[in-house]
Every structure is written in C-alpha cells, then in structure tokens.
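What follows is one structure encoded as structure tokens, with my remarks underneath.
The values are calculated or read from the model by the stated rules, or taken from the named source; none is laboratory data. The shown structure was predicted, so the numbers you read here are calculated from the model rather than taken from an experiment. Here the Cβ positions follow ideal geometry from the backbone for every residue, glycine too, while neighbour counts run over all protein chains shown. Side chains included, ligands, DNA and RNA excluded: accessible areas come from the protein's heavy atoms. Shrake-Rupley method; radii C 1.70, N 1.55, O 1.52, S 1.80 Å.
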Amino acid sequence: MLIAAVENLAPDRFVFWVPAKGTEVLAGADRYPVALPEFPLPLHRTANADTGPSDAAIGQGVYDYLRQFPECSGNTLYAELLRDAYPHFITDLASQAVMLDAKQVEPAYVARKLTYLKILRLLEPQNCGLLRQLCRGYFELALEFSELARCRQHLREAMRFGQELLTLEPEDAHALSLLAEIDLLFGDLPAAAGKWRRLAAQVSDPLVRERIAARIAACSCDECSESALVDDLEAVAEAMRLHALGDDAQAVFVLERLEEAGRLTTTLPSADFYWLLGVCRQRCGDVGGAVRALHQAMDLEPGHAAAQQALASL
C-alpha cells in the first residue's frame, strides 16, 4: 500500500509506505520472520513501493532515512525494526561510531558519529555512557571554528543530553561540568555557579577545587553584559562569512571589536581567531597588524599550519 508522504523530510528521495496487516520480512541467515509495523516506512523512490518493495529495499530505506533524520517521527520504531530485522545495519552504525571515535576527524565526521550515537541511544534510552558521549561531543563540536555558525544549535543539543543524563544520575560529574560550561556560554551565570558548587562538593583534589573556585568567582563578578559568549562566537562566524565574501574590512571591524572587549579571547583563547584576524588584516593592506595577529596565533598553537603559511606569504 503506497500512501502520500507523512512528515516526509526528503520528498525528493523518499516515499512512505504502510505495510498491510500481517506483512513480514525474512531476516538473518536463518530467514526468520519479523512482522512489520502498520506504520509509514520510508523507502527510496527507486524501491517500487507501489508494487511491493523487497525486504532489502525496506531495510535500506529505513536505514538511510534514519541516518539522515535521527529525530524524525517514528525514529524509535525505525531503530527497533533495524535491530530486529536488519541487525547488520545496527552493527555497522556501532562499528563506524567506534572507528570515528578512535581518530582525529573533521567536524563533518564528528557530526556523523553523533548522529550514529543518537540512533543507538533510541535502542538504549537510559544508557548513561551514550548520553555522556553525546553531551561531550556536541559541546566540543560547538567550539570547532568551522562550526561556529551552528554553535548555538550544538550547545542546545549538548545541554539536552546533559540534562537527560542528570535526570538519570543527578550528581554526574561529567554532566555537571559540561552543563556549567554551557550555562556560562549562554550567560546564565547563577546556573553555572550552582552546578560548579555541586561539582565542588564531590571533588577532593585541591587543584581541581581551586579551578572550580575560580570559575565560581568569575560567575560572581559584579559586571554584567547584555550579551553572552555564544553571541561572541556567532560574531566570529559572521566575520568568517564576511571574509569569504571578500568584505575583509568589515570582518576586521568585527574581530577587533571582540579583541578589544577581551571577553572571548580571554575565556576561549583561539589560534584560529588570530589567524582569521591576521589574514583579514593582510587583505586590507595592514601588514604589520597581520604579522602581530599571526604571531599571536602561533603563540597559542605553535604548529598552526594556516598561520605559518600566511606568515610565509608576507
């Protein structure tokens, strides 16, 4: 039975198909029957859904759709179908997540790994290990220079998974630490201080306690800002966009304003920030300013390849 798309997030690639009552697929080497749910299943448009898709086409469609849209309606049902009828797809997801976790990869591959972890968590909603990985992964992704345009979205994802982890383990140190950092980035200083105090109560190491005390003190300062650190991160993303468009003068204006304010460069010192400032100044003809910024990048990260290359070109 072929029906109109139901919450179809990619109608150019997928159609939805509702199996008739009692429809089964044969799974595994033993060809054991697995009943299909009477629920719209995504199929590739090439799957001949109007004449009845093959068992393989059903699995491939569900797998590809869920990987693209892990938050879609019916996502848990789709994951359970893959587990029960197409377990090789779940094994593939887990092995790819492990492989990507074992090496340094570009942000696009980190995002892919996090998508796989989201799907695996649909099958184990109370798996605290997966929640920790998702919280940490989205937090780190938010601070990747190339991801700053989406940093707010990534931080909200990290916050969501961290809060779910605290629901299961209310004093989890990993969640408290990351959620406090996220609160700081969003400008919610009382919430950040509260989580660091809860964390301090669990810590005996004097050096760690000293660092936590410094964080709490920073949250207690009298100076209040109308903006948050996440706004500064998004301003850097805007400077990157301006640089890509060739408007380096405006990009320099944005970056120098952030440097003068000092909040971002003090709290989250970044070699990439100074590299961008340096190349923008270079394009504006400010060679001296470019050299200063690029050397600041090298001071923060001596092996910064892009800064080295930019200095060599001056």
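Only the Cβ atoms of Lys and Arg (+1) and of Asp and Glu (-1) were treated as charged; on that basis the dipole of the range 27-114 about its Cα centre amounts to roughly 260 debye.
Computed from the coordinates I sent, Cα extents along the principal axes in Å equals one of (i) 72, 50, 34; (ii) 52, 45, 42; (iii) 62, 43, 32. Tell me the label. Step by step, Cα extents along the principal axes in Å for this structure corresponds to label (i).
3J(HN,Hα) couplings calculated from phi for the range 278-289 with the Karplus curve 6.51 cos²θ - 1.76 cosθ + 1.60 (θ = phi - 60°) are, in sequence order, x, 6, 5, 4, 4, 5, 8, x, 8, 5, x, x Hz; Gly and Pro show x.
Net charge dipole, the range 1-156: roughly 460 debye, given to the nearest 20, about the Cα centre with Cβ charges of +1 for Lys and Arg and -1 for Asp and Glu. Among the trypsin sites (Lys or Arg not before Pro) in the range 3-36, those placed in a DSSP loop whose Cβ has at most 13 other Cβ atoms within 10 Å are Lys21, Arg31. Over all Cα atoms in the range 189-314, the spread is summed up by Rg and Dmax: 17.8, 53 Å.
Using only Cα atoms, locate the centre of the range 1-76 and the centre of the range 292-314, then give the distance between them in Å, rounded to an integer. What the calculation gives is 51 Å, centre to centre. Once the 1.4 Å probe is applied to the protein heavy atoms, the range 84-163 comes out at 49 Å² accessible per residue. If you average the alpha carbon positions of the range 84-143 and of the range 228-279, how far apart do those two centres end up, in angstrom? About 31 Å separates the Cα centre of the range 84-143 from the one of the range 228-279. Between amide H atoms placed 1.01 Å from N, distances below 5 Å from Leu41 occur with Trp17, Val18, all of them 5 or more places distant or on a separate chain.
Surface composition of the range 109-182: carbon plus sulfur atoms hold 47% of the accessible area, using a 1.4 angstrom probe and ignoring ligands, DNA and RNA.
Are there GluC sites (Glu not before Pro) in the range 32-117 that DSSP puts in a loop and that have at most 14 other Cβ atoms within 10 Å, and which ones? Sparse-neighbourhood loop GluC sites (Glu not before Pro): Glu38, Glu71.
Surface analysis of the range 171-310 yields an accessible area of 52 Å² per residue, using protein heavy atoms and a 1.4 Å probe.
Since only Gly129, Leu233, Ile216 are under comparison, the one whose Cα sits farthest along the positive direction of the charge dipole of the chain, derived from C-beta charges on Lys, Arg, Asp and Glu, is Gly129. Amide H contacts of Glu24 (H built 1.01 Å from N, in plane; Pro and chain starts excluded): Leu36 sit under 5 Å, all sequence-distant by 5 or more or on other chains. Given +1 at the Cβ of Lys and Arg, -1 at the Cβ of Asp and Glu and no other charges, the dipole of the range 186-239 around its Cα centre is 600 debye to the nearest 20. For the range 191-196, putting each phi into the Karplus relation 6.51 cos²θ - 1.76 cosθ + 1.60 with θ = phi - 60° gives couplings of 5, 4, 4, x, 6, 5 Hz, in residue order, rounded to whole numbers and with x for Gly and Pro. Once the Cα-Cα distance is subtracted from the 0.36 nm per residue extended length, the His295 to Ala191 segment shows a gain of 33.8 nm.
In loop segments of the range 179-242 as defined by DSSP, the GluC sites (Glu not before Pro) with at most 11 further C-beta atoms inside 10 Å of their C-beta are Glu223, Glu226. The phi torsions of the range 113-129, fed into the Karplus equation with coefficients 6.51, -1.76 and 1.60 and a -60° offset, translate into couplings of 4, 5, 4, 4, 5, 4, 5, 4, 5, 4, 8, 9, x, 10, 7, 5, x Hz, rounded to whole numbers, with Gly and Pro shown as x.
Helical runs (DSSP H, four residues minimum) scored at -39500 (n - 2.57) apiece and divided by the length of the chain put the mean residue ellipticity at 222 nm at -20500 deg cm²/dmol.
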